[in-house]
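K.L.:
If you scroll down you'll find the structure; I have some questions about it.
The values are calculated or read from the model by the stated rules, or taken from the named source; none is laboratory data. Please read these numbers as outputs of a predicted model, since none were measured by experiment. Here the Cβ positions follow ideal geometry from the backbone for every residue, glycine too, while neighbour counts run over all protein chains shown. Note: accessible area is taken over every heavy atom of the protein model, side chains too, but ligands, DNA and RNA are not part of it. Shrake-Rupley method; radii C 1.70, N 1.55, O 1.52, S 1.80 Å.
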Amino acid sequence: MAFTEQDFIIREKLLNQPHDLVIDSEAPSNIALVKYWGKYGVQLPMNPSISFTLNKSQTQTTVYLTALDKISDKVSFKFYLDQKHQADFEPKIAGFFKKIKKFVPFITYFNWKIYSSNSFPHSSGIASSASGFAALSKIIVDLEKQLYPPKTETYYAYKTSFLARLGSGSASRSTAHPVMIWGHHPDIKQTSDLYAIVPDFEIHPIFKTYKDSIILVEKGQKKVSSTVGHTLMNTHPFKNIRKQHAYERVLQMTRYLKSGDLENFIKLTEAEALELHALMMTSSPNYILMQPDTLKIIHNIRNFRKKTGLPLCFTLDAGANVHVLYPDEITQQLQQLLFSKIEFETIHDYI
Ligand code: DP6
């Protein structure tokens, strides 16, 4: 049975008094196969999405908690990235704490020092917000476990994803592996707009070996943030057709992941990547995140696939970089044949 928001409100009394603590966690990034694009209410998705967890791109977080004598209304904290204080990240984290306070009021009982670092390079274009909010949410749920009477593992798993979602939508899909679905789908059991779930079917062995190599076209900050892109979907002329596609495609994707149907997996994954960017190009105002090199790489991938018959494909997130998805068994051929021919920096092996 799906959980409601009310289920995540703590009604029990504290079992243990708050005391100074150090808690560590880590969480992976993820890449959507069917994309979350558009939202409603408080961080709820316009459509369901499904992703691969990128186990090799992790955010590690350690928090140093000091129990306060006097509880304040606001959470007092400082955020450090690679040991350096990063004030520019703090407004987003403060907003996160404000949104989750109703569900985890004990966060105000402490002063927080949050130390984070990523196992992937800053320039990789992998959004650290997904893994970052997922890692922080794991810590908060761990703290809840230490302070309150025990609950079920399902409650803790869903609550972690529920909290992460309130930091960044895609973060809800960074709390488990190998595949997560976020957003209610009438034909997929347990799915919810409030949190992501691991679907209850076994994925085909071929997908357990999948890799994601990112071909870097552009480093650094995105020109248009995803949040702005989501907002533009509210008035998008293709909003309804997009929603319909996403519902159909999430279901189709689950079938391909189960059966190992690589041909259809490739068709669908690429159609989704292009549709995401088509939506950006047809919103009002419209914008283009792909660069000439993005297209060059896409053509290279498609030509290479045609020539060799190898099952590689691409996907895109809200940027110009290209994610190349492929089964481990073809890694050698890809390195020799594809990546040697294109002059872009490639970061391998993110899943
Ligand atoms: C294109 O999760 O970054 O990567 O909820 O506003 O933080 P916010 O947006 P975010 O959007 C991700 C969009 C995407 C597709 C996806 O990951 O599903």
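K.L.:
Take the residues in region 271-295 that are surrounded by 14 or more Cβ atoms within 10 Å (Cβ to Cβ) and away from the ligand (no atom under 15 Å from the Cβ); name whichever of them is farthest from the chain's Cα centre (by Cα).
P.N.:
Of everything passing the filter in region 271-295, ASP293 is farthest from the chain's Cα centre (by Cα).
K.L.:
Same structure again: For residues that are at pLDDT 90 or above and in contact with a His (Cβ under 7 Å, 6 or more places away or on another chain), scanning just region 52-72, find the one that is most open to solvent (accessible area, probe 1.4 Å).
P.N.:
Applying the filter and picking the extreme gives ALA67.
K.L.:
Follow-up. Restricted to region 165-189, and to residues that are in contact with an Asp or Glu (Cβ under 7 Å, 6 or more places away or on another chain) and in contact (Cβ under 8 Å) with a residue 40 or more places away in the chain, which residue is nearest to GLN60 (Cα to Cα)? First the steps, then the outcome.
P.N.:
Filtering region 165-189 down to residues in contact with an Asp or Glu (Cβ under 7 Å, 6 or more places away or on another chain) leaves 183-184, 189.
So of that shortlist, the ones also in contact (Cβ under 8 Å) with a residue 40 or more places away in the chain come out as 183-184.
Numbers: GLY183: 26, HIS184: 30 Å.
The selected residue is GLY183.
K.L.:
Mind telling me which of the residues ASP88, ASP69, ASP24 ends up being acidic (Asp, Glu), outside any strand (DSSP E or B) and farther than 22 Å from GLY169 by Cβ?
P.N.:
On the way: ASP88 fails: farther than 22 Å from GLY169 by Cβ; ASP24 fails: outside any strand (DSSP E or B).
Going through ASP88, ASP69, ASP24 in turn, the sole match is ASP69.
K.L.:
Follow-up. Please go through region 13-43 and pick out each residue that is at pLDDT 95 or above, open to solvent by 30 Å² or more (accessible area, probe 1.4 Å) and either outside the structural domain of PHE133 (by TED's automatic domain parsing) or not aromatic (Phe, Trp, Tyr) (or both).
P.N.:
Scanning region 13-43 gives ASP20, VAL22, ASP24, GLU26, LYS39, GLY41, VAL42.
K.L.:
Just to be sure, is THR154 more than 14 Å from the ligand (Cβ to nearest atom), out of contact with any strand residue (DSSP E or B) (no Cβ under 7 Å at 6 or more places or on another chain) and over 19 Å from ASN118 (Cα atoms)?
P.N.:
On the way: more than 14 Å from the ligand (Cβ to nearest atom): yes; out of contact with any strand residue (DSSP E or B) (no Cβ under 7 Å at 6 or more places or on another chain): yes; over 19 Å from ASN118 (Cα atoms): yes.
Criteria met by THR154.
K.L.:
State the number of residues belonging to region 186-217 that are more than 18 Å from SER259 (Cα to Cα) and open to solvent by 60 Å² or more (accessible area, probe 1.4 Å).
P.N.:
The total comes to 3.
K.L.:
Limited to region 165-185, what total is found for residues that are more than 10 Å from the ligand (Cβ to nearest atom) and either open to solvent by less than 10 Å² (accessible area, probe 1.4 Å) or not in a loop (DSSP other than H, G, I, E, B) (or both)?
P.N.:
Step one: of region 165-185, the residues more than 10 Å from the ligand (Cβ to nearest atom) are 175-181, 184-185.
Keeping just the survivors that are either open to solvent by less than 10 Å² (accessible area, probe 1.4 Å) or not in a loop (DSSP other than H, G, I, E, B) (or both) gives 179-181, 185.
Summing the residues that are more than 10 Å from the ligand (Cβ to nearest atom) and either open to solvent by less than 10 Å² (accessible area, probe 1.4 Å) or not in a loop (DSSP other than H, G, I, E, B) (or both) in region 165-185 gives 4.
K.L.:
Select from region 240-270 the residues that are more than 30 Å from HIS204 (Cα to Cα) and not in a helix (DSSP H, G or I) and list them in ascending order.
P.N.:
none
K.L.:
In the list SER49, SER76, which residue meets the criterion of being polar (S, T, N, Q) and open to solvent by 30 Å² or more (accessible area, probe 1.4 Å)? Please lay out each step first, then the result.
P.N.:
Working: SER49 fails: open to solvent by 30 Å² or more (accessible area, probe 1.4 Å).
None of the other options fit; the residue is SER76.
Yes/no matrix, rows are residues, columns are (1) of a type in the set (Phe, Trp, Tyr); (2) modelled with pLDDT of 95 or more; (3) open to solvent by 50 Å² or more (accessible area, probe 1.4 Å):
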site: LYS98; (1), (2), (3): no, yes, yes
site: SER119; (1), (2), (3): no, no, yes
site: GLY125; (1), (2), (3): no, no, no
site: LYS145; (1), (2), (3): no, yes, yes
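K.L.:
Restricting attention to region 24-41, does a residue exist that is away from the ligand (no atom under 12 Å from the Cβ) and farther than 30 Å from THR269 by Cα?
P.N.:
yes
K.L.:
Moving on to the next point. Any residue in region 85-96 that's free of Cβ contacts under 8 Å to residues at least 40 places away in the same chain and assigned by TED's automatic domain parsing to the domain that holds ILE107: show its pairings with residues that are small (Gly, Ala, Ser) and open to solvent by 90 Å² or more (accessible area, probe 1.4 Å) at Cβ separation under 8 Å, as long as the two are six or more apart or on different chains.
P.N.:
As it stands, the answer is none, since no pair meets every condition given.
K.L.:
Has region 229-239 got at least one residue that is polar (S, T, N, Q), over 30 Å from ILE288 (Cα atoms) and either away from the ligand (no atom under 14 Å from the Cβ) or outside any helix (DSSP H, G or I) (or both)?
P.N.:
From region 229-239, those polar (S, T, N, Q) are 231, 234-235; that's our starting set.
From what is left, the residues that are over 30 Å from ILE288 (Cα atoms) are none.
Looking through region 229-239, none of the residues is polar (S, T, N, Q), over 30 Å from ILE288 (Cα atoms) and either away from the ligand (no atom under 14 Å from the Cβ) or outside any helix (DSSP H, G or I) (or both).
K.L.:
Same structure, new question: From THR308, THR254, which residue is open to solvent by less than 40 Å² (accessible area, probe 1.4 Å) and either basic (Lys, Arg) or more than 14 Å from the ligand (Cβ to nearest atom) (or both)?
P.N.:
THR254
K.L.:
Please indicate, with yes or no, whether at least one residue in region 104-116 is assigned by TED's automatic domain parsing to the domain that holds LEU163, outside any helix (DSSP H, G or I) and in contact (Cβ under 8 Å) with a residue 60 or more places away in the chain. Explain how you work it out, then say what you get.
P.N.:
Filtering region 104-116 down to residues assigned by TED's automatic domain parsing to the domain that holds LEU163 leaves 104-116.
Narrowing further to those that are outside any helix (DSSP H, G or I): 104, 110-116.
Filter again for in contact (Cβ under 8 Å) with a residue 60 or more places away in the chain, leaving 104, 110.
Yes.
K.L.:
Something else now. Against the definition (touching a Leu at 6+ places or on another chain (Cβ under 6 Å) and part of a helix (DSSP H, G or I)), how does ALA273 come out, yes or no?
P.N.:
Against the criterion (touching a Leu at 6+ places or on another chain (Cβ under 6 Å) and part of a helix (DSSP H, G or I)), ALA273 qualifies.
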